[in-house]
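Colleague: If you scroll down you'll find the structure; I have some questions about it.
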Amino acid sequence: MNEKSLKILEFHKIIDQLTEKASSDPGRELCRSLLPVTNPDQISSHQAETGAALSRLLKKGSVSFGSNKPLGRTLSSLEIGSCLSPEELLSIAAFLENVNRVKSYGRKEREDAPEDCLTPYFTMLTPLIFLSQEIRRCILSEEEFADDASSGLKSVRRAQTTASERIRSQLNSMVNGSYRTYLQEAVITQRNNRYCLPVKAEYKSQVKGMIHDQSSTGSTLFIEPAAIVELNNRMKELELQEQEEIEKILNELSSQAGEHVAEIAENQSLMTRLDFIFAKGALALEHNATEPLFNTEHVIHIRKARHPLLDKRKVVPIDIHLGKDFDLLVVTGPNTGGKTVSLKTVGLLTLMGQAGLHIPAADRSQLSVFTEVYADIGDEQSIEQSLSTFSSHMKNIVRILEKADADSLCLFDELNAGTDPTEGAALAISILSYLHERGIRTMATTHYSELKVFALSTPFVENACCEFDVETLSPTYRLLIGIPGKSNAFAISSKLGLPSHIIEGAKSQIDADRESFEDLLASLEQSRITIEREQQQIAAHKVEIEALRRKLTAKNEKIDTVRDRILREANEQAREILQEAKDVADETIRIFQKAGPGASMKDLEKSRDKIRGRINDKNEKLTVKSPKRNSKQLKPEDIKPGETVRILSMGLTGTISSKPDHKGNVFVQCGIIRSQVNIKDLVPAEEDSFPDASSSRTGTAQMKMSKSFSVSTEINLLGKTVDEALAALDKYLDDAYLAHLPSVRIVHGKGTGALRSAVQNHLRRTKYVKSFRLGELGEGDSGVTIAVFK
């Protein structure tokens, strides 16, 4: 990619944001060197790495690579067998400990967890724990070694302690004995690492020994008594032996580290790469970015795109498409309306995508691979080169026209502005026609009305505008493709208080054709606003109709369920009645057979009354008692089709659907059941004091039905882990299928796509799921899956 376009589109600011996300110096250096690439396979690989890092950051949180310091000179010293300093060895130990933490971060939480493209990086890390532990055991800090770092060092320090105690013992006896009057203070001090006493200058001849120093006033001499000179010499010898032992320890540790130079170098390369990849993931997380889909057909379709350098809480997302139905997009509209931002958004997001960075746009946005992105944006007036604004832009345009080809993306802001409007418009049309004929994907902003007409009259060229609200005198920053924009100069001036006679005078200066064209644009804009409002109303009505349809479907299913239950219970009761009748008949026969010919009529009558009583009791239980009413019983002439009546024996309310026959029988429609009953069993519905049949259900029946009736048509899995979500989804699908719901809406969100993949895999394994699909625009987009039952 050419440096000029990278600078114009502010790609370096994205690199600065990326560099801040890295936690090590080598990682930051790698971030600074990032450039867009043109190989589709490389782009796909880099995007996959960014996506994997983003997924891990969402699941596990951040990871630090801060101990990954530049180790080039240290490793070079090890390769030639040099001895490292304590500081260098401690840096290696800290680095290896960081490698161990990163490797632990990369381990799978479960054995069955899927791997991603970062797994090989974590697998190849070699923590060399034994080496870092040995360095930490021996070296406590840059200036301190552990006593047990080696047996020789331990022995020397033990001898040092003994010699120091002997020296102090002798000096203490001198301080507290005969030398007390000769001393400036009763203390033991050191000069040149040798133990001394602070002797008054006038008594120096009384204390035999070596003078090492004197005070600034000369009143105190620091004398090493002759009695401890030999012991001080021994301490000096022990210090030299200690330094020799430390050198041996450093040589040994350096030798051990030298055996693993290749592993340490490989670790640093992997850690630097991982730091860079996780910086890309952190940037994607900050921008709420998604992975774009790349194609080689030069088709761009960015959904809900946001410029990454603007405040994401304030920026208005835009939809941009180019390359499928048209290869040249002409954007018009007032100043500060968002034309240049739209232009830069397309260019910058293309560069970010080809650099392996996720883009701040909606899921499933598409980008194409371009070998070059050319941009002519901003004021490039140059006093030093004696170039005007127009000249500097034209020089850049000439360079673009020389180098651009079918694999390039060209972006022009205010094409040919800064010169005579008539000549500038003609030049602009000629330049765009040249690019259009060569099939070069181009996007240009302009104020020239001639370019609007050119876009309207030329195939595969499209108009677009940045919407402006004249009422509030403010842009909405929405990009509307397919609609040419207006400058709205007259409307804005009028709103700001410019006298109407001046505006009318200005309008008279515009030729009739141009005024007619502007009026046409205003009419189109008004029509668009009206259509948008109507579409919003239609969408609202669609949602309402869909809700009513679901409600009706659920109601019909409920009626079917109730009908099936009533028929099932009726059949069960009939079977019980038949069985009881058979039992009564059998018992009656046995009684008469047992009585024989000589039986007493009194006993037989008594048995018959007993059996009759049982039958009557059963009939009383089965028959719905007629309510008390003052009105007369219905007569045949009172029966009219369409009237609402109640069937006393069944306890149901229905509508008469026929006239009575000669026997007084009529057909009554009770829901989906059509029954033939006698008019003697009917009463007007308003006179019936019976409660609704549904109220006579037992608590058990209501409990059985309540679950089916209360199953929602939607389940929300947001905030759940994959395991929790699948458990809840499995139970919900069973309930929904038993409740005879035709389809359900599963809300899993967009995020990294892991939950969405798990849900769809589960749906594939569920036998009673007929099909499923991602939600359409208005249904929740890719954050929702619609499942249809068999």
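Colleague: Whose amide H sits under 5 Å from the amide H of Ser82, counting only residues 5 or more places off or on another chain, with H placed in the peptide plane?
Modeller: Amide H neighbours of Ser82, under 5 Å, 5+ apart: none.
Colleague: Return the FRET efficiency for the residue pair Asn295, Gln256: r is the Cβ-Cβ distance, R0 is 56 Å, and the value is rounded to the nearest 0.05.
Modeller: On the way: r = 53 Å, r/R0 = 0.95.
Plugging the Cβ-Cβ distance into 1/(1 + (r/R0)^6) gives 0.60.
Colleague: Can you list the residues, at least 5 places off or on another chain, whose amide H is less than 5 Å from the amide H of Lys770, using H built in the peptide plane?
Modeller: The answer is Val788, Phe789, Lys790.
Colleague: At a Förster radius of 51 Å, what calculated FRET efficiency corresponds to the Cβ-Cβ distance of Tyr105 and Ala226, to the nearest 0.05?
Modeller: About 0.20, to the nearest 0.05.
Colleague: Follow-up question, since we're still on this one. Excluding same-chain residues fewer than 8 positions from Lys236, which aspartates and glutamates have a Cα within less than 16 Å of its Cα?
Modeller: Glu165, Glu224, Glu244, Glu245
Colleague: May I ask you to compute the full-extension gain from Ser269 to Ser64, defined as 0.36 nm times their residue separation minus their alpha-carbon distance, rounded to one decimal in nm?
Modeller: Extra length from Ser269 to Ser64 when fully extended: 72.3 nm.
Colleague: Residues with amide H under 5 Å of Gln366's amide H, sequence separation 5 or more or different chain, H placed in the peptide plane at 1.01 Å from N; which?
Modeller: Amide H to amide H, under 5 Å and 5 or more residues apart or across chains, Gln366 pairs with Leu293, His301, Ile302, Arg303.
Colleague: Also: Using only alpha carbon pairs under 8 Å that are at least six residues apart, calculate the relative contact order of the stretch 34-113 and give it in whole percent. Mind showing how you got there, number by number?
Modeller: Numbers: 21 pairs, mean separation 24.7, N = 80.
Once normalised by length, the contact order is 31 percent.
Colleague: For Leu456 and Ser771, calculate 0.36 nm times their separation in residues minus their Cα-Cα distance, and state this gained length in nm to one decimal. Show your work: numbers first, answer last.
Modeller: Numbers: separation 315, 0.36 × 315 = 113.40 nm, distance 4.30 nm.
Result: 109.1 nm gained on full extension.
Colleague: Another question, if that's okay. Based on the mean of other beta carbon atoms within 10 Å per residue, what is the order of 543-550, 357-364, 221-228, most packed first?
Modeller: For the peptides 543-550, 357-364, 221-228, the packing ranking is 357-364, 221-228, 543-550.
Colleague: Counting Lys and Arg as +1 and Asp and Glu as -1, each charge on the Cβ, what is the dipole of the stretch 25-136 about the Cα centre in debye, to the nearest 20?
Modeller: 320 debye
Colleague: State the extension gain, in nm to one decimal, for the chain segment bounded by Lys154 and Thr419, taking 0.36 nm per residue of separation less the distance between their alpha-carbons.
Modeller: Details: separation 265, 0.36 × 265 = 95.40 nm, distance 8.74 nm.
Here the answer is 86.7 nm.
Colleague: Once you've got the Cα coordinates, tell me which of Lys280/Lys312; Lys21/Lys720; Lys551/Lys750 are over 21 Å apart.
Modeller: In this structure, Lys21/Lys720; Lys551/Lys750 lie more than 21 Å apart at Cα.
Colleague: Okay, next question. So which aspartates and glutamates pass the test for Lys69, namely a Cα distance under 13 Å, with those fewer than 8 places away in the same chain ruled out?
Modeller: By straight Cα distance, Lys69 reaches Asp25, Glu29, Glu87, Glu88, Glu97, Asp275.
Colleague: How would you rank 110-118, 44-52, 638-646, highest first, on the average number of other Cβ atoms within 10 Å across their residues?
Modeller: Those peptides, ordered most packed to least, come out 44-52, 638-646, 110-118.
Colleague: At 7 Å along the Cα-to-beta-carbon direction for both Glu244 and Glu115, put a label point, then send me their distance in nm to one decimal.
Modeller: Taking the two extended label points, one gets 5.4 nm.
Colleague: Per residue of the stretch 449-462, in order, report the coupling 6.51 cos²θ - 1.76 cosθ + 1.60 (Karplus, θ = phi - 60°) as ³J(HN,Hα) in whole Hz, putting x for Gly and Pro.
Modeller: 5, 4, 6, 5, 5, 4, 5, 5, 9, 10, x, 6, 10, 10
Colleague: Further, regarding this structure: Once the Cβ-Cβ distance between Asn571 and Ile591 is put in as r, and R0 is 41 Å, what FRET efficiency do you end up with, to the nearest 0.05?
Modeller: The calculated FRET efficiency here is 0.85.
Colleague: Along Cα→Cβ, 7 Å out, is where each label goes; now give me the distance between the ones at Arg168 and Phe130 in nm to one decimal.
Modeller: Roughly 4.1 nm, to one decimal.
Colleague: Ok, one more. Along the Cα→Cβ direction, 7 angstrom out, place labels at Val37 and Glu557. What is the inter-label distance in nm?
Modeller: If labels sit at Val37 and Glu557, their model points lie 5.1 nm apart.
Colleague: If you plug each phi of the stretch 109-116 into the Karplus form 6.51 cos²θ - 1.76 cosθ + 1.60 with θ = phi - 60°, what whole-Hz ³J(HN,Hα) values come out, in order, with x for Gly and Pro?
Modeller: Ordered by residue, 3J(HN,Hα) equals 6, 10, 5, 8, 5, x, 8, 10 Hz.
Colleague: Follow-up. Within straight cross-link reach of Lys395, meaning Cα distance under 19 Å, which aspartates and glutamates are found once same-chain residues fewer than 8 apart are removed?
Modeller: Glu3, Glu372, Asp376, Asp379, Glu380, Glu384, Asp405, Asp413, Glu414, Asp420, Glu423
Where a number appears in this text, it was derived from the coordinates with a stated rule and is not lab data. Keep in mind it's a predicted model, so treat the numbers as computed, not measured. In this analysis, Cβ positions are derived from the backbone assuming ideal geometry, glycine residues included, and neighbour counts consider all displayed protein chains.
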